[in-house]
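S.K.: Encoded as structure tokens, here's the structure I'll be asking about.
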Amino acid sequence: MATQHRPFAQGRSWTSFTLPVILIGASFAVGLAALLPLVQSSGVTTTGGHIRQLEQERSTWQTQLQEQEVRVAQLGSLERIEREARERLKMVPPKEVHHISVDVPGPAPNRIPSRFLEDQPASPLARDNLWEEIASWLPLP
Amino acid sequence: MAAPRKKNAYAWRIWAVIAVIGLGAVVATLRLVQLQIIDHAEYAAQARRSHISQVSVSDRRGALLDRNGYPLAASEDSFNVMVERRAWENPEEAQVAANKISGATGVPASQMVDIVESVDVFEVPVARNLSFEQAEKVRELDLYGVRLLEGSKRVYPEGNLASQLLGFVGQDSGGLTGLEADLNPQLGGAAGTLTFERDGLGRELAIGERSESPALPGSDIVLTIDRYIQRLAEQELDKIMKDRSAQGGTIIVVQPKTGQVLAMASRPTFDLSKPDTSDETKQALYRNRAITDTYEPGSVFKLFTTAAALDLGLVSPTTPWNDSGVVKVDGWSIRNWDFSANGTQTVQQLLSKSLNTGAAWLAGLCGPDRFYDYVRRFGFGTLTNSGLSGEVEGKVRTPESDPGWRSVDAATNSFGQGLSATPLQMAMALAAIANGGTLMQPQFVKQIMGPTGTETVEPLVATQVTTPETARTLLDMMGVVVDGMSNYLDVSGYKVGGKSGTANITGENGGYKPGAYISSFAGIAPLNDPQLAILIKVDEPKDVPWGTVVAAPSFGRIAEQALAYMKIPPTEPVLVRGVQ
């Protein structure tokens, strides 16, 4: 009799533990599901705030870019160029003009403001060859 | 038996209370139905209005660029410091805050305090047009009742260059005069709308509802003006004003083949960065005299009389004619400017010596109908369609338009008196001679570069006035005229042509002002392939009135420098050196 089995008692124990666990688990799941919209909303709000911050940063950069473009234009004004030439570089108007014809066109001026200009295609970066690139990783002098 | 009676006695009271509560519940329910279902839209809109703000937003105003893309007028963001009056009610606190703002902006603290104390409004600007850097310093101060209002200010990198042509904008960034006003729809762009949720103080909620209909930025407009040639013209005007103590003047430089105006300068002028619209006495400075003011062109007009006679085949440069020194028309005597009688002269000599009698003779040969037909076709008496507001037509009296017209009018008109024209009309007519007899419409806008693309403005032909052969003949005659001016005009390396003029000025009572003249010179360079048509007009120079002396030297200096700048090779080969 010492080795009597109690299959019923084991089965009862399984059901008596499982049902509350399932119920508690389900409650947690429902609770978590209820939190999900909150998490989503929080995420959206955070992302929105981040976008707004980036927009603000972009606006700030654009303002500074405008200021720099105006500054460049002021530095390139004819009045300033002449003043610098006369006062700082001590240049004087030429007494004799020599005309020299060359068949190479001059560089086009960089147009500013640049906001409506077409984007220039990015020139490919000059890359070292593969072995030089690998060698550059080594701690060599 | 008493207990059941008592129970019944209370029962109706309970039912009465229940009924009252029930009725109240029904009323409340009905009211809720009314508020939340029937009138839902109205109340929802009211609620939305109370916490949603909608403001108009605008993008940056477009820039005015010269023909090579250099900015003549551009906009940059600026900031105004706004102060709530109630925040500065305490004088000591106001002074402390003002001192801090003063440190960041440079605006005197006392001035800011005075501004706030002197007005009775909720909020007032105490410092205007701050740069981004200054604004950041103010923002970092984080002062109570102080905020930054973003705006825009117009800047002129080339200073006051072409001030009357460009014009200026008002405080709302709208164009008031000049091209700023005429091109305002393109420069200003289109306003957008920003909708956002606000808090009780009207500030935008960081996590609230937000939507934006973006503003359309203004287009950048590339003008036909060349800043280098414009500056040359303005420097020459300033020199003439100083050397000749003149009252004013105008210089216009036109590219003959296209009608594009390369320079348009007038004096007196004004400071573009500080236009004072409240001062009535300064209003006259803001108008573009090249299109709003007319003058009697004087002897320069003989070019067009000669062109008419040449084009009609009535004369050639060598056609002889006898100058007796006086021409009688309608009982009036017309004499030469120097009262000379030159005997037998050619048409070329008529132009070189600028003989009034000869011009009257040519007009007589043409006859009034044909003479005025050419005058009209050269663009006199009609608008040039420049697109600039304020332009006037000038005055040309003809037998059809004026019953009081007499033959002597055609005679005086032939040498540029008794009619009036704007400097722009004169410059365009001159450019027509340089352009093979084709009159172009004056062009000021070359390209419009906007957010939706770039529009290129093409030159427009107004009319064919003379044959190319007539125009060529006249150019050669103008070259001979200039050959006789070598003391005053020498453009080394280039063959140029022109004609001077000295005209009386009409006074207020209709007669001529005694001792007051307009000196002018109309020139073309180079003659072999005209690239520049230049009109120089000087108002009331002192001491010497002659166009040859006053205006022609300026033409020479402008032409010489402009041709070199435009890389037009000289026609004299000794000055040219080639590089392989």
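The values are calculated or read from the model by the stated rules, or taken from the named source; none is laboratory data. Please read all numbers here as calculations on a predicted model, not as lab measurements. Cβ atoms come from the backbone with ideal geometry, glycine included; neighbour counts cover every protein chain shown.
S.K.: Would segment B:374-383 turn up any residue that is among the charged types (D, E, K, R), assigned to a helix (DSSP H, G or I) and under 31 Å from the mean Cα position of the chain (by Cα)?
M.R.: yes
S.K.: In addition: Taking segment B:53-69, which residues are in contact with a Ser or Thr (Cβ under 8 Å, 6 or more places away or on another chain) and not basic (Lys, Arg)? Walk me through it before giving the result.
M.R.: Initially, segment B:53-69 is screened for residues in contact with a Ser or Thr (Cβ under 8 Å, 6 or more places away or on another chain), giving B:53-58, B:60-63, B:67.
Matches in segment B:53-69: B:SER53, B:GLN54, B:VAL55, B:SER56, B:VAL57, B:SER58, B:GLY62, B:ALA63.
S.K.: Please state which of the following conditions B:PRO403 fails to meet, knowing it meets all the rest: (1) assigned to a loop (DSSP other than H, G, I, E, B); (2) more than 22 Å from B:ASP330 (Cα to Cα).
M.R.: So B:PRO403 meets the others, but not (2).
S.K.: Within segment B:87-122, track down each residue that is in contact with a helix residue (DSSP H, G or I) (Cβ under 7 Å, 6 or more places away or on another chain) and touching a residue at least 40 places away in the same chain (Cβ under 8 Å).
M.R.: B:TRP88, B:ALA97, B:LYS100, B:ILE101
S.K.: Inspect all residues belonging to segment B:463-474 and state whether any of them is assigned to a loop (DSSP other than H, G, I, E, B) and either among the charged types (D, E, K, R) or under 18 Å from B:GLN260 (Cβ atoms) (or both).
M.R.: So far as segment B:463-474 goes, no, none of its residues is assigned to a loop (DSSP other than H, G, I, E, B) and either among the charged types (D, E, K, R) or under 18 Å from B:GLN260 (Cβ atoms) (or both).
S.K.: Consider B:GLU150 against the criteria (1) in a helix (DSSP H, G or I); (2) within 14 Å of chain A (Cβ to nearest Cβ); (3) not aliphatic (A, V, I, L, M): it satisfies all of them except one. Which criterion is unmet?
M.R.: Here B:GLU150 meets the rest and fails (1).
S.K.: Quick one: is B:SER102 surrounded by 14 or more Cβ atoms within 10 Å (Cβ to Cβ), part of a helix (DSSP H, G or I), at negative phi and out of contact with any Ser or Thr (no Cβ under 8 Å at 6 or more places or on another chain)?
M.R.: Working: surrounded by 14 or more Cβ atoms within 10 Å (Cβ to Cβ): yes; part of a helix (DSSP H, G or I): yes; at negative phi: yes; out of contact with any Ser or Thr (no Cβ under 8 Å at 6 or more places or on another chain): yes.
For B:SER102, the condition - surrounded by 14 or more Cβ atoms within 10 Å (Cβ to Cβ), part of a helix (DSSP H, G or I), at negative phi and out of contact with any Ser or Thr (no Cβ under 8 Å at 6 or more places or on another chain) - is met.
S.K.: So which of B:ARG227, B:ARG267 ends up being of a type in the set (Lys, Arg) and at pLDDT 95 or above?
M.R.: From the options B:ARG227, B:ARG267, the qualifying one is B:ARG227.
One line per residue, one yes/no per condition, for (1) under 28 Å from B:LEU362 (Cβ atoms); (2) surrounded by fewer than 18 Cβ atoms within 10 Å (Cβ to Cβ):
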| site | (1), (2) |
| --- | --- |
| B:LEU262 | no, no |
| B:SER266 | no, no |
| B:LYS274 | no, yes |
| B:VAL300 | yes, no |
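S.K.: Does B:ARG139 satisfy the condition of being more than 14 Å from every other protein chain (Cβ to nearest Cβ) and either within 36 Å of the chain's Cα centre (by Cα) or over 26 Å from A:ILE112 (Cβ atoms) (or both)?
M.R.: no
S.K.: Condition test on A:GLU96, is it surrounded by 11 or more Cβ atoms within 10 Å (Cβ to Cβ), more than 30 Å from B:LEU149 (Cα to Cα) and over 38 Å from the mean Cα position of the chain (by Cα)? Please lay out each step first, then the result.
M.R.: Working: surrounded by 11 or more Cβ atoms within 10 Å (Cβ to Cβ): no; more than 30 Å from B:LEU149 (Cα to Cα): yes; over 38 Å from the mean Cα position of the chain (by Cα): yes.
Considered against the rule, which asks whether it is surrounded by 11 or more Cβ atoms within 10 Å (Cβ to Cβ), more than 30 Å from B:LEU149 (Cα to Cα) and over 38 Å from the mean Cα position of the chain (by Cα), A:GLU96 comes out as no.
S.K.: Which one is surrounded by the most Cβ atoms within 10 Å (Cβ to Cβ), of the residues in segment B:235-260 that are in contact with a strand residue (DSSP E or B) (Cβ under 7 Å, 6 or more places away or on another chain) and hydroxyl-bearing (Ser, Thr, Tyr)?
M.R.: If we take residues in segment B:235-260 being in contact with a strand residue (DSSP E or B) (Cβ under 7 Å, 6 or more places away or on another chain) and hydroxyl-bearing (Ser, Thr, Tyr), then B:THR250 is surrounded by the most Cβ atoms within 10 Å (Cβ to Cβ).
S.K.: Right, here's the next one. Considering only residues that are assigned to a helix (DSSP H, G or I), more than 15 Å from the chain's Cα centre (by Cα) and over 24 Å from B:LEU535 (Cα atoms), which ones fall in segment B:254-301?
M.R.: Residues satisfying the conditions are B:GLU280, B:THR281, B:LYS282.
S.K.: Here's another thing I want to ask about it. Report the residue count in segment B:441-462 for those that are within 14 Å of chain A (Cβ to nearest Cβ), part of a strand (DSSP E or B) and in contact (Cβ under 8 Å) with a residue 12 or more places away in the chain.
M.R.: Of the residues in that region, 5 qualify.
S.K.: Can you report the number of residues in segment B:42-93 which are more than 10 Å from chain A (Cβ to nearest Cβ), crowded, with 22+ Cβ neighbours inside 10 Å and over 23 Å from the mean Cα position of the chain (by Cα)?
M.R.: The qualifying residues number 3.
S.K.: Going through segment B:518-529 one residue at a time, which ones are surrounded by fewer than 24 Cβ atoms within 10 Å (Cβ to Cβ) and either under 27 Å from the mean Cα position of the chain (by Cα) or of a type in the set (A, V, I, L, M, F, W, C) (or both)?
M.R.: B:LEU527
S.K.: Restricting the search to segment A:89-110, which residues are facing chain B (nearest Cβ under 10 Å), in a loop (DSSP other than H, G, I, E, B) and of a type in the set (A, V, I, L, M)?
M.R.: A:VAL97, A:VAL102, A:VAL104, A:ALA108 - these are the residues of segment A:89-110 that are facing chain B (nearest Cβ under 10 Å), in a loop (DSSP other than H, G, I, E, B) and of a type in the set (A, V, I, L, M).
S.K.: Let me ask something else about it. Of the conditions (1) at negative phi; (2) at pLDDT 85 or above; (3) charged (D, E, K, R), B:ASP142 clears all except one; give me its number.
M.R.: It fails just one condition, (1).
S.K.: Provide a single number: the residues in segment B:160-183 that are polar (S, T, N, Q) and surrounded by fewer than 18 Cβ atoms within 10 Å (Cβ to Cβ).
M.R.: 2
S.K.: Against the condition touching a residue at least 12 places away in the same chain (Cβ under 8 Å), part of a loop (DSSP other than H, G, I, E, B) and of a type outside the set (D, E, K, R), how does B:TRP337 come out, does it pass?
M.R.: Yes: the conditions hold for B:TRP337.
S.K.: Residues that are at pLDDT below 90, at least 2 per element: which strands (runs of 3 or more DSSP E) completely within segment B:475-561 meet that?
M.R.: Qualifying strands (runs of 3 or more DSSP E): B:497-506, B:512-525.
S.K.: Then there is this: Can you tell me which residue in segment A:74-88 is farthest from B:TYR228 (Cα to Cα), limited to those that are within 7 Å of chain B (Cβ to nearest Cβ) and not in a loop (DSSP other than H, G, I, E, B)?
M.R.: The extreme case among them is A:GLN74.
S.K.: Find the residue count for segment A:46-73, including only residues that are without any contact (Cβ under 8 Å) to a residue 12 or more places away in the chain, closer than 24 Å to B:GLU234 by Cβ and either out of contact with any strand residue (DSSP E or B) (no Cβ under 8 Å at 6 or more places or on another chain) or more than 7 Å from chain B (Cβ to nearest Cβ) (or both). Explain how you work it out, then say what you get.
M.R.: Initial filter on segment A:46-73 (without any contact (Cβ under 8 Å) to a residue 12 or more places away in the chain): A:46-65, A:67-68, A:70-71.
Checking the rest, the ones that are also closer than 24 Å to B:GLU234 by Cβ come to A:70-71.
Next, only the ones that are either out of contact with any strand residue (DSSP E or B) (no Cβ under 8 Å at 6 or more places or on another chain) or more than 7 Å from chain B (Cβ to nearest Cβ) (or both) stay: A:71.
Residues that pass the stated criteria total 1.
S.K.: Run down A:ARG71, A:ARG83 and say which single residue is more than 29 Å from the chain's Cα centre (by Cα) and modelled with pLDDT of 90 or more.
M.R.: Matching residue, one of A:ARG71, A:ARG83: A:ARG83.
S.K.: Looking only at strands (runs of 3 or more DSSP E) that lie completely in segment B:169-249, which have at least 3 residues being in contact (Cβ under 8 Å) with a residue 24 or more places away in the chain and more than 11 Å from chain A (Cβ to nearest Cβ)?
M.R.: Qualifying strands (runs of 3 or more DSSP E): B:192-197.
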